[in-house]
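Quick notes on the structure that follows.
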Amino acid sequence: MSQSAILVVGEDHEKRREYASLIADHISGCRIFSVAGASEAMSCLTGESIDCVLVHDDKAVVSGVDLCRAIKVDKGAHFPVLIVSEHPDREKRRVEGLEVGAEEVLFAPIDVVDIVTRLRIAVRVKKTEEDRRVANERLEQMVSDRTAALMASEERYRQVVELSPDMIAVCEKGRPIYINEAGRSMLGIDSPDGLATLDVKDLFHPGDERLIDQLLVTSLKRGEKVPFHEAKLLRPDKKTVDVEISVIPLEYRGKKQAQLIVRDMTERKRIESQVRQSQRMEAVGKLAGGVAHDFNNVLTTIRGFSELILDSLKEGDPLREDVDEIRKATERAGALTRQLLAFSRRQVLEPRPLELNTVVSDLKRMLKRLIGEDIELVTDLSDALGTIKADRSQIEQVIMNLVVNARDAMPEGGLMTVRTENLVLSSQQTGEDLELPAGEYVVFAVSDNGMGMSPETMLRIFEPFFTTKPKDRGTGLGLSTVYGIVKQSGGDIQVDSEVGVGTTFRVYLPRAKGQAGTMDPIRIERGAVRGWETILLVEDENAVRVLVRRMLERAGYTVLTARHGGEAMVLCEKEEGPIHLILTDVVMPKIGGRELVERLVRQRPETRILFMSGYNDEEVLRLGELLTHVAFLQKPFSYEQLTQKVRRVLDEAIPEGVKVASAVNE
């Protein structure tokens, strides 16, 4: 038996050597340890891996029975012990030996085959018991590891369920036996004890009972997850919460149960509503811009020809008054299209560094006259207010419209507050109610203590032509104009209102670096201005082209006309004399005004450029960034506005064409 170890114990040295020799001759590869007394035997058993002990019981001070007792009983070891005894009372000694745990008690003279066989059996038993012990220990460790893993898995699942933002409930026969913390919070239940009297259908609106029954039955019958369905959760205070509900079958406490996952849809519904509102506003804005395009061309024609007719009629002619009314009507219509363009964010702005407190202070006297004596106006302007970059005239229009809106909300008088402040928005504050990046902003707010607005009204206040005022008051474009100007200026607007309490509009505009500069003085001219230069007019609308040509020729200019960019380029190649100014529409088929200018200024760098348009699409809006270099004329325009603008561009000290050549190629 390979690598077995046997300990031989006995005070008789000759006997020990005899037994050792016997074992070595018959059990090959065996390690044999030989000691005389009990203490040496106990030390050897502690230090060596012994498979079997052979004790010679020869009536010594410590007998074989006593040594076996020490090994088996006192030490608690599991070594097989064979006793070879010379005791005269064999039966008694055999009983004593077996009582203390000896595997067998043999008596001298011994049979060689018998003792060798018993030693082999004892060693084999020891090995088998050792293997069994190791196997049991491994099994116990595996069970322990699996138990620990299961407990850890259950703990992770419990944490996931408890920390889930969704409501998770386990239902047994239609009754919730467990609801996580998010679910209890959603339902307004303080502790798990509040589940005892609930039915799962009590958690939802009565109109959803049939749906809940169907989901539970489907999940348990098919044994598969049921996709999310919309429903309404019913709180104990009778308030409802828009939710999505899914059901998953699971084993819980040894039974088939249904696990409900309920997701709060309040925030998602709010965001979806904002997206739909934004999409609706964008669609209306595009429509408004398209209408303004065609309408401005028509207004330009009507206004221009009415002015030409007025100029040809003598003083006192009865037709002058009628034609003048036509002209005034086109001015009012032009103001309307400007509001549409502001709403649709398709107007060309002239942004400059601007101090908002200065704008409010300059307007304060006018605002007081505008709101009347029964409304108290209070201004709370922050010290060291940051600078913004915006078009002053447009910001003034925002302020005026918000003040008028607040005035109309207080028909019996009240308190109006205009406030400015610096504000730093974090990423947590943006993205919810404000479509702005984190950063520094200047805030302008107008508050009133008037009638306030309902949530339904607040959803539509920025829609063009929507108004709660009587038919004879307002067009419904005031707040939509504010919305467009603020958005196009890189800001956003926020509204807080409560019926019977009042309303606050907050306008957020990006804070600009540096300080506000002074406005360049503008030379105010009266009447038409004449000239003699050659002008290339490029306009795809026939009526507008005919009108502008007649206006310019009446002012003394030589006019070349082209219907589009391609025709204009051919004219430039054929024309041998100088072309002092190119007056071109921006939006045209084939080659637009911007592309035309990019090509022509290389051939004629001395030529000045004047853009005009009645519809500010992306091409026109890009010009807004170049207005320090590029001249622009907004349709509809009058005879005076046209001739004055043309004269101003032609009289520029630095050739405008050179400026544009660099600007349009940026």
Q: Only residues in region 640-659 that are over 19 Å from residue 300 (Cβ atoms) and acidic (Asp, Glu) count as the first member; pair them with residues that are in a helix (DSSP H, G or I) and modelled with pLDDT of 85 or more, Cβ under 7 angstrom, at least 6 apart or cross-chain, and list the lot.
A: 656/649
Q.
Here is a list: 39, 28, 63, 43. Which entry is surrounded by fewer than 18 Cβ atoms within 10 Å (Cβ to Cβ), of a type outside the set (A, V, I, L, M) and touching a strand residue (DSSP E or B) at 6+ places or on another chain (Cβ under 9 Å)?
A. 43
Q | Residue pairs meeting the criteria (Cβ under 7 Å; at least 6 apart or on separate chains; first at pLDDT 80 or above, in region 178-190; second among the β-branched types (Val, Ile, Thr) and assigned to a helix (DSSP H, G or I)) | A | 180/161
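Residue-wise test of (1) more than 41 Å from the chain's Cα centre (by Cα); (2) modelled with pLDDT under 80.
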{"residue": "598", "(1), (2)": "yes, no"}
{"residue": "608", "(1), (2)": "yes, no"}
{"residue": "616", "(1), (2)": "no, yes"}
{"residue": "623", "(1), (2)": "no, yes"}
{"residue": "627", "(1), (2)": "no, yes"}
{"residue": "632", "(1), (2)": "no, no"}
{"residue": "637", "(1), (2)": "yes, no"}
{"residue": "643", "(1), (2)": "yes, no"}
{"residue": "656", "(1), (2)": "yes, yes"}
Q) Any idea which residue in region 203-241 is surrounded by the most Cβ atoms within 10 Å (Cβ to Cβ), counting only those that are within 19 Å of residue 189 (Cα to Cα) and out of contact with any Leu (no Cβ under 8 Å at 6 or more places or on another chain)? A) 232
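Residue-by-condition table, conditions (1) on the phi > 0 side of the Ramachandran plot; (2) at pLDDT 80 or above; (3) of a type in the set (Ser, Thr, Tyr):
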| position | (1), (2), (3) |
| --- | --- |
| 479 | no, no, no |
| 487 | no, yes, no |
| 494 | no, yes, no |
| 498 | no, yes, no |
| 502 | yes, yes, no |
| 505 | no, yes, no |
| 511 | no, yes, no |
| 517 | no, no, no |
Q.
Would you confirm whether or not region 264-287 contains a residue that is modelled with pLDDT of 80 or more and hydrophobic (A, V, I, L, M, F, W, C)?
A. yes
Q. Among 332, 345, 327, which is basic (Lys, Arg), surrounded by 19 or more Cβ atoms within 10 Å (Cβ to Cβ) and at pLDDT below 85?
A. 345
Q. Taking strands (runs of 3 or more DSSP E) that do not extend beyond region 355-429, which have at least 3 residues that are among the aliphatic types (A, V, I, L, M) and surrounded by 17 or more Cβ atoms within 10 Å (Cβ to Cβ)?
A. 414-425
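The values are calculated or read from the model by the stated rules, or taken from the named source; none is laboratory data. Note that the structure is a prediction, hence the values are computed from the model and not measured. Virtual Cβ from ideal backbone geometry, glycine too; neighbours counted across all protein chains shown.
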